[in-house]
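What follows is a set of notes on a single structure, which appears directly below.
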């Protein structure tokens with residue numbers, strides 16, 4: 001079981017008085033790509049935010065790389081190797097691409113990291129002095145992920161990375177995620193459409209009303225993917 | 001009344017000088033506001049203390065050294081304020097922080113009144129900086145104030161340094177990032193408390209230097225901080241909170257309006273016009289001159 | 001049919017005390033309490049926008065101050081109209097029109113930008129008053145000798161604008177303001193205001209013309225602020241530029257936040273507190289000590305009682321079993 005990188009145990013998270021996550025548990029193994037699927041408003045974003053303590057859970061525990069990180073301040077989680085890319089990308093619009101990439105705190109040599117990141121995202125290198133606010137949606141998403149990579153994360157959390165992107169860009173993004181995963185980064189991402197995403201996942205969780213209601217392995221997905229999508233997301237493939 | 005172009009040129013230069021000095025103070029407010037989310041009234045207190053510290057120290061150690069030491073004292077004050085007032089109030093709403101900071105300003109004003117007296121102090125310009133410099137431009141003689149030139153040079157140097165700090169160093173970039181989006185910055189490992197202290201201290205330094213530099217120009221009295229705050233606030237919002245360049249242009253706009261307007265109208269009416277322009281700008285282009293700064297709630 | 005709850009008894013006691021104060025208190029105290037009543041009216045007017053609608057404005061000094069200047073200009077500097085009914089109505093009208101103006105322009109924007117517009121207006125009017133166009137505002141010194149004469153009704157002379165008469169007049173107007181504010185809050189209009197405070201966009205989506213409601217609130221606030229300004233001019237017999245300055249608006253904000261926004265008694269408590277601190281502490285400990293107390297009060301309250309004094313007083317009362 002030391003293979004498990006992230007373990008979320010029975011967490012309860014609240015927005016003010018209302019309970020949004022009720023008794024949610026999941027785990028992510030080292031080097032996996034796991035998807036958290038669910039319709040909008042069912043708690044995908046809140047789950048990810050709880051893991052990073054932006055919305056710390058009131059009950060339950062979260063373990064990362066053997067350490068209890070429940071409620072640990074976000075910047076400390078980040079420095080442990082957890083990186084969250086929020087929905088809507090959250091890039092710094094007034095800064096250039098290069099400046100965005102220099103923000104993350106990491107003890108490794110920044111120039112080296114930049115080189116590696118530009119290898120995966122060459123399109124960002126050609127735009128490195130451009131103002132981040134003027135990039136297209138797809139480029140901003142690439143920048144957000146590249147920026148997270150600058151922290152050399154062990155686990156990359158992505159909140160709806162495919163949201164609002166054209167199918168072509170989605171395909172490119174997915175192949176980049178595969179590339180990143182091959183380099184040893186574990187990935188957990190959430191999605192409400194998952195049209196192309198299922199291809200790269202090792203496992204899939206389905207979340208409904210703040211709880212995990214189903215879990216499928218890669219084999220099960222290959223056999224029943226359209227069923228799953230229809231039943232839980234109302235999506236016809 | 002015919003206005004010689006020499007007068008206009010002089011006023012443009014004066015306006016430009018004032019704009020640079022005001023940009024210093026405004027930047028300090030802009031960055032702290034970006035992080036705090038509300039008008040930092042204590043900024044006015046630091047501006048005033050910059051002036052008073054310079055006044056006190058200049059007589060014993062000379063103007064230049066006095067100014068430098070005064071600025072360091074303001075930085076120290078900034079740290080104390082951050083740890084004693086701002087940090088404990090982190091979870092409060094912006095208006096509540098505002099009220100507390102107004103309390104701080106009131107206390108400082110009264111302290112100064114009680115210990116240093118309420119009459120305005122004239123900060124003496126050292127002899128090597130006083131007097132005019134006469135240029136020959138296009139056949140006419142124009143005399144600029146040496147001290148104003150001094151202000152221009154010092155302000156420009158500091159502004160360039162600040163720009164480099166924010167755009168070339170990692171820590172500066174993280175500061176700018178935190179101002180634009182605190183939450184995302186923390187997700188990237190940025191320690192917001194550390195960044196907060198640095199930005200607050202920087203703001204205090206800028207306020208202090210501004211106060212010291214402008215001391216000889218406006219003289220120093222207890223309410224000088226509160227009075228300048230209004231104008232600075234305007235510059236910050238019009239320039240866009242957290243935008244270095246925007247702040248400079250807004251400062252330039254209003255200082256030039258003031259200095260050139262004063263040729264034709266009395267100062268009060270010029271200010272009235274400036275504020276009317278301000279209202280028009282905000283009503284129709286509320287996101288600041290460059291239209292892309294952070295929007296405060 | 002009244003239920004005699006302990007809270008009601010406390011209210012009645014306070015009311016009675018205030019009612020009979022002029023009979024046994026000296027001029028100084030009467031002056032102080034009258035001043036507190038007036039600031040209370042201003043604070044309530046302010047709280048309508050701040051506490052109940054979530055609008056922060058620094059423009060109230062304009063309503064307050066210019067209404068006072070209306071009195072000054074009508075009765076002293078421009079004309080010689082002393083009739084208090086005319087000047088009172090004029091002051092109210094000034095307040096209303098300025099409320100309309102500032103409300104209309106500031107609602108082009110939202111949030112801090114709207115605040116900035118109100119601040120700009122306050123500054124503009126302050127500068128206008130200071131520059132003394134045509135001698136009508138007497139500039140820095142303000143308009144002195146402002147003394148509305150008594151009202152003559154039949155055989156009776158009602159000296160409502162000084163001393164005890166002014167005391168009862170302001171007391172009555174304060175009570176009227178409370179009743180009116182309470183009526184507004186508890187009406188459908190109050191629901192809309194609350195909605196604007198909680199979630200403006202929701203109301204917009206539901207088809208409400210939010211802007212119109214805001215402007216309306218500004219006008220009402222303007223009227224009552226104007227009345228407060230008029231009364232203050234009567235009390236102090238002087239109209240100063242200070243009354244128009246944004247610092248007066250800021251002080252009103254402070255009074256409301258300190259006392260407890262979004263309540264009836266909070267702003268009133270705030271006004272009394274400020275006056276007590278200012279007048280008693282300065283006479284007890286001399287000079288500027290009251291500023292330290294006030295500044296300290298702001299800081300400490302925000303640190304420990306951020307919702308304003310009244311909320312905590314209420315909590316204490318409830319825990320003591322008094323509802």
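Throughout, read-outs are computed from the coordinates displayed, never taken from laboratory work. Worth saying up front: this structure is predicted, and the values here are computed from it rather than measured. FYI the Cβ positions are ideal-geometry reconstructions off the backbone, even for glycines, and counts take in every protein chain you see.
Of the peptides B:245-253, C:96-104, B:261-269, the ranking by mean beta-carbon count within 10 Å, highest at the top, reads B:245-253, C:96-104, B:261-269. Taking only Cα atoms and a 10 Å spring cutoff, compute GNM fluctuations for chain A and point out the largest among A:157, A:114, A:177. Of the options given, A:114 has the highest mean-square fluctuation. In summary, the stretch A:4-233 shows an alpha-carbon radius of gyration equal to 0.98 times the 2.2 N^0.38 Å reference for compact globular proteins.
Note on chain A: helix-only mean residue ellipticity at 222 nm, from DSSP H runs of 4+ residues weighted -39500 (n - 2.57) and normalised by residue number, equals -9000 deg cm²/dmol. Compute the Cα gyration tensor for the protein assembly as shown, then decide on rounded, prolate or oblate, letting a ≥ b ≥ c be the square roots of its eigenvalues: rounded whenever a/c is under 1.5, prolate when a/b is larger than b/c in the other cases, and oblate in all that remain. Note, shape of the protein assembly as shown comes out oblate.
Structure remark: mean-square fluctuation, Gaussian network model of chain C, C-alpha springs under 10 Å; the largest value among C:105, C:129, C:62 belongs to C:105.
The slack in the chain from residue B:265 to residue B:171, taken as 0.36 nm per residue of separation less the alpha-carbon distance, amounts to 29.3 nm.
Once the Cα atoms are used to define both axes, helix A:167-182 deviates from the longest principal axis of chain A by about 90 degrees.
Mean partner shielding of peptide A:71-82, defined as the number of other chain Cβ atoms within 10 Å of each residue Cβ, is 4. Considering only beta bridges that DSSP places wholly inside chain A, some 55 percent are antiparallel. Packing here is the average count of other Cβ atoms within 10 Å per residue, and on that basis the peptides C:119-125, A:119-125, highest first, run C:119-125, A:119-125. Just how far, in whole angstrom, is the stretch C:112-144 from the stretch C:1-80 if you go by their alpha carbon centroids? Spelled out, the Cα-based centre of one part sits 23 Å from the other. Protection proxy ranking of C:218-226, C:278-286, by the mean of other Cβ atoms within 10 Å over each peptide's residues and highest first, is C:218-226, C:278-286. The slack in the chain from residue C:141 to residue C:197, taken as 0.36 nm per residue of separation less the alpha-carbon distance, amounts to 16.2 nm. The shape of chain B can be summarised by an equivalent ellipsoid whose semi-axes, obtained from the alpha carbon gyration tensor, come to 31, 24, 18 Å from longest to shortest. Angle of helix A:110-120 to the longest C-alpha principal axis of chain A, folded into 0 to 90 degrees and rounded to 10: 70°. Helix B:267-284 and the longest principal axis of the Cα set of chain B meet at an angle near 40°. With a Förster radius of 45 Å applied to the C-beta separation of residue B:141 and residue B:164, the computed FRET efficiency comes to 0.75. Pull out a ≥ b ≥ c, the square roots of the eigenvalues of the alpha-carbon gyration tensor of the stretch C:185-323, then state rounded if a/c is under 1.5, prolate if not and a/b is larger than b/c, and oblate in the remaining case. Cα axes put the stretch C:185-323 in the oblate bin.
Please compute, for peptide B:227-239, the average count of beta-carbon atoms on other protein chains lying within 10 Å of each residue's beta-carbon. Mean inter-chain Cβ contacts per residue within 10 Å come to 2. Projecting label points 7 angstrom from Cα along Cα→Cβ for residue C:206 and residue C:86 puts them 4.7 nm apart.
Highest mobility in the GNM of chain A, judged by mean-square fluctuation with C-alpha springs under 10 Å and restricted to A:52, A:98, A:168, is found for A:168. Spin-label model, residue C:184 to residue C:282: label points 7 Å out along the Cα-to-beta-carbon direction sit 3.1 nm apart.
Listed from fewest to most Cβ neighbours within 10 Å, the set B:154, C:146 follows the order B:154, C:146. Per the Kirkwood formula applied to alpha carbons, the stretch C:6-319 shows a radius of gyration over Rh ratio, Rg over Rh, of 0.96.
Counting, for every residue in A:88-99, the Cβ atoms of other protein chains within 10 Å of its Cβ and taking the mean gives 5. The stretch A:1-133 has equivalent-ellipsoid semi-axes of 30, 18, 14 Å, by the square roots of 5 times the alpha carbon gyration tensor eigenvalues, sorted largest first.
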